[in-house]
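Bear in mind these aren't lab numbers, they're just calculated from the coordinates by the rules spelled out. What you are looking at is a predicted structure, and each value in this text was computed from that prediction instead of being measured. Counting neighbours? That spans all protein chains shown, and the Cβs are built from the backbone with ideal geometry, glycine included.
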Amino acid sequence: MSETLKIAIMLVIGYLLGSIPSGVWVGKLMYGKDVRDYGSGNMGTTNTFRVLGKKAGIIVLVMDMLKGTLAALLPFVFHSNANVLLIGLSAIIGHVFPVFANFKGGKAVATSVGVLLVYNPLFFVIAWAIFLVTLYLSSMVSVASMLGFLLITIVSLFFHDVILSIVAAALTVFVFIRHFGNIERIKNGTENMVPFGLGYKRRQQRK
């Protein structure tokens, strides 16, 4: 099998993996609900946590990350020299524009992190640390996602990996675009918060 054919097959498989609508499947199979009909209408991890609770949210988080991880492992399965990060991008695109959910998917955060786990485990740990710290400080997943990706892009420069930095920057722009509605709510002080962290504590004190 030629390298070109291998890459084409991996991109298709990666896209199909990313297209698995984890939130929709978990909601319908376990709770008889379509998460897209509630909350923000998004099928991602955050809305699943909000609508279906912690157990469902954790399952969807793991599934969404796993989609990126499995896609990133494809070059090893096919014994290909293709860049792991670029193949993983196909899963990220699938997650955002899933063929199994009318091309209306999530915001790419969890699946992107899943790709990082294979591409660079150290960077994966740093990315998670940045996300958790910003989440604790802001109590808002949207802020943690946007600021997290921005900081991750800056950190990537110290790894002297051009592809990593370019992909990180591109994903940062995309994540900001996908969170456009959240930005308006953050400005208005009406953005949803997780029930912990400094931001949540400050909001409770103001009530």
Taking only Cα atoms of region 27-98, the Rg to Rh ratio with Kirkwood Rh works out at 1.10
For the chain, count all C-alpha to C-alpha pairs, find those more than 25 Å apart, and express that count as a whole percent of the total. 38 percent
Say R0 is 22 Å: what FRET efficiency, to the nearest 0.05, do F103 and I183 get from their beta-carbon distance? 0.45
Using Cα positions and a limit of under 25 Å, work out the lysines in reach of K187, with same-chain residues fewer than 8 apart set aside. K107, K201, K207
For the pair F76 and L137, the simple spin-label estimate (label points 7 Å beyond Cα toward Cβ) gives in nm 3.3 nm
I want to verify a result. In a Gaussian network model of the chain, Cα cutoff 10 Å, which of these has the top mean-square fluctuation: S80, S112, S90? S80
For the chain, what is the relative contact order in percent, using Cα pairs closer than 8 Å and at least 6 residues apart in sequence? 19 percent
Could you give the size of the charge dipole of region 1-160 about its Cα centre, using +1 on the Cβ of each K and R and -1 on the Cβ of each D and E, expressed in debye and rounded to the nearest 20? 380 debye
Could you work out how far helix 84-96 tilts from the main Cα principal axis of the chain, as a 0 to 90 degree angle to the nearest 10? 50 degrees
Can you give the relative contact order of region 120-207 as a percent, counting alpha carbon pairs under 8 Å and 6+ residues apart? 37 percent
